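Colleague: Dropping the structure in here first, questions after.
The values are calculated or read from the model by the stated rules, or taken from the named source; none is laboratory data. Note that the coordinates shown come from a computational prediction; the quantities given were computed from them, not determined experimentally. With ideal geometry, Cβ positions are generated from the backbone for all residues, glycine too; neighbour counts draw on all protein chains shown.
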Amino acid sequence: MGASLHDKAIISDLVSRVRELSEQPFNEVRRRRWRKCNSLRREDRSERPPVTVSIHGFRGDYEGGYIPVPQMQCEGRELRELEASLRFTLFRHEWIPDDVPVGAPEWKVPQVVTGWEDFTIKWRVTERAAKAGSYHYDPVVKERGDLKKFVYKDMAYDDAATMRNLQLAQDTYGEFLPVKLGTWGDPNIHVAGQWCLFRGLDQVMMDMYDDPAFLHEAMSIIAEGYRRWIGQAERMGLLHVNNWLTLSNDDLPAPGFDPKHVRARDVFVWVEAQEFTAISPAMHKEFALRYERPLAETFGLATYGCCEDLTHKLDDVFEIRNLRQIGVTPWADVAKCAEKIGDRYSISWRPNPAHLAGDFDEAFIRGYLRHGLEALRGCAFHVFLKDIHSCGGRPERLTRWTQILNEEIERMWGG
């Protein structure tokens, strides 16, 4: 049984509204800002830095539903997923005055791909303390002999399953908007994070002192897995050019690009070792960068850092040959990082999301953002508010925080 006329009318209206937004001139302005923020050309520094606020669809990450999520109106199940996607696009545009472009409405079906980061052995965690709350790794690697349990699964593309999913989506959504084949994901590199899943973060910290040779052996195993999977993904044609939003740039794809077979050197890769934020620069170089750098340099450009403080580790990070972007987190010293990085690399500045909870002190927030912007002026950078899990049950704070930031940017760069 197909969708009702009632549901089809709702979807048609939503598609029309999203398409109208996607055709507005502000989208090209925003795309230009993102391209220039990762450019290292001095003439592009006159362009105001772009902003993105990362919210997570309608998954209830904001105090269990206080955020005024639009109510779904389709009566049947067939079109509910598409309705949610379209409503989220409209909702985000209304509530978040940042620089995320609104794209033309379409539905992408991801490729069914297995094998990436699959070491056969499965990691475990203890029961969560609360819904979406804290947990502890239950180590599955307790001694050196357990390393024999690691067996690299080869990447595999299930063409039949992918085509079935694509046909189903075309049958369901095709009359409303284009249905296209998407990708399986991005090849992000998490050598430290992967090992901590199997060994436990606290035990990894101990291993750095008690048994560094064991830790090196383990990190070599994890890094070898990534090396294999990167090569397999490239040979199988599973990579894709990812010049979008925070990774936008004018330098990729690389010369000799063939859109039918994307190479690793056509791709921007994200590398991080946030689990190692508390270790010394020397240990970070020995146990993380030693294994990450060769993997990162396989790609066209690299962005380094997630939630870790890199203030005192930048000289070592700079050794990554194809480094283009560096994350400056809420725990980093923004002024010191800006001075050290200068205009040699692009900066992804991540302000503290905790300011959206509690009392929401606008004067404090304005001063905090102004200090960061003044420190970063002259650098190539964007502002990325991420890891938001609370806004005090007040979604309007997302709007107001972004407005304050825009006011400070306009004060320094113009309207």
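Colleague: What pairs can you find where one residue is in segment 138-164 and more than 18 Å from GLY225 (Cα to Cα), the other is among the small types (Gly, Ala, Ser), and their Cβ atoms are less than 8 Å apart, with a gap of 6+ or different chains?
Modeller: ASP138/GLY200; PRO139/GLY200
Colleague: Name every residue in segment 9-25 that is assigned to a helix (DSSP H, G or I) and either free of Cβ contacts under 8 Å to residues at least 24 places away in the same chain or among the β-branched types (Val, Ile, Thr) (or both), in order of residue number.
Modeller: Of everything in segment 9-25, those that are assigned to a helix (DSSP H, G or I) and either free of Cβ contacts under 8 Å to residues at least 24 places away in the same chain or among the β-branched types (Val, Ile, Thr) (or both) turn out to be ALA9, ILE10, ILE11, ASP13, VAL15, SER16, VAL18, GLU20.
Colleague: Spot the failing condition for GLY133; the list is (1) under 23 Å from the mean Cα position of the chain (by Cα); (2) at pLDDT 80 or above, and only one is missed.
Modeller: Failed condition: (2).
Colleague: Just for helices (runs of 4 or more DSSP H) wholly inside segment 174-246: which have at least 3 residues that are surrounded by 17 or more Cβ atoms within 10 Å (Cβ to Cβ) and in contact with a strand residue (DSSP E or B) (Cβ under 8 Å, 6 or more places away or on another chain)?
Modeller: Helices (runs of 4 or more DSSP H) meeting the threshold: 191-199.
Colleague: In segment 97-112, is there at least one residue being modelled with pLDDT of 95 or more and touching an Asp or Glu at 6+ places or on another chain (Cβ under 7 Å)?
Modeller: Taking every residue of segment 97-112 in turn, at least one turns out to be modelled with pLDDT of 95 or more and touching an Asp or Glu at 6+ places or on another chain (Cβ under 7 Å).
Colleague: So ALA156 ticks every box in (1) of a type in the set (Gly, Ala, Ser); (2) surrounded by 17 or more Cβ atoms within 10 Å (Cβ to Cβ); (3) over 22 Å from the mean Cα position of the chain (by Cα) but one. Which box is left unticked?
Modeller: Among (1) of a type in the set (Gly, Ala, Ser); (2) surrounded by 17 or more Cβ atoms within 10 Å (Cβ to Cβ); (3) over 22 Å from the mean Cα position of the chain (by Cα), the lone unmet condition for ALA156 is (2).
Colleague: Would a scan of segment 94-112 turn up a residue that is surrounded by 16 or more Cβ atoms within 10 Å (Cβ to Cβ) and in a helix (DSSP H, G or I)?
Modeller: yes
Colleague: Residues to consider are LEU295, LEU323, LEU356; find the one that is in contact with a Leu (Cβ under 9 Å, 6 or more places away or on another chain) and within 23 Å of ASN243 (Cβ to Cβ).
Modeller: Of LEU295, LEU323, LEU356, the one residue that is in contact with a Leu (Cβ under 9 Å, 6 or more places away or on another chain) and within 23 Å of ASN243 (Cβ to Cβ) is LEU323.
Colleague: Still on this model: Only helices (runs of 4 or more DSSP H) wholly contained in segment 298-415 count here; list those with 2 or more residues that are modelled with pLDDT under 95.
Modeller: 396-413
Colleague: Can I ask one more? Would you say TRP331 is within 22 Å of ARG32 (Cα to Cα) and out of contact with any strand residue (DSSP E or B) (no Cβ under 7 Å at 6 or more places or on another chain)? Before you say what the answer is, go through the steps one by one.
Modeller: Numbers: within 22 Å of ARG32 (Cα to Cα): no; out of contact with any strand residue (DSSP E or B) (no Cβ under 7 Å at 6 or more places or on another chain): yes.
No; evaluated as a whole, the condition is false for this residue.
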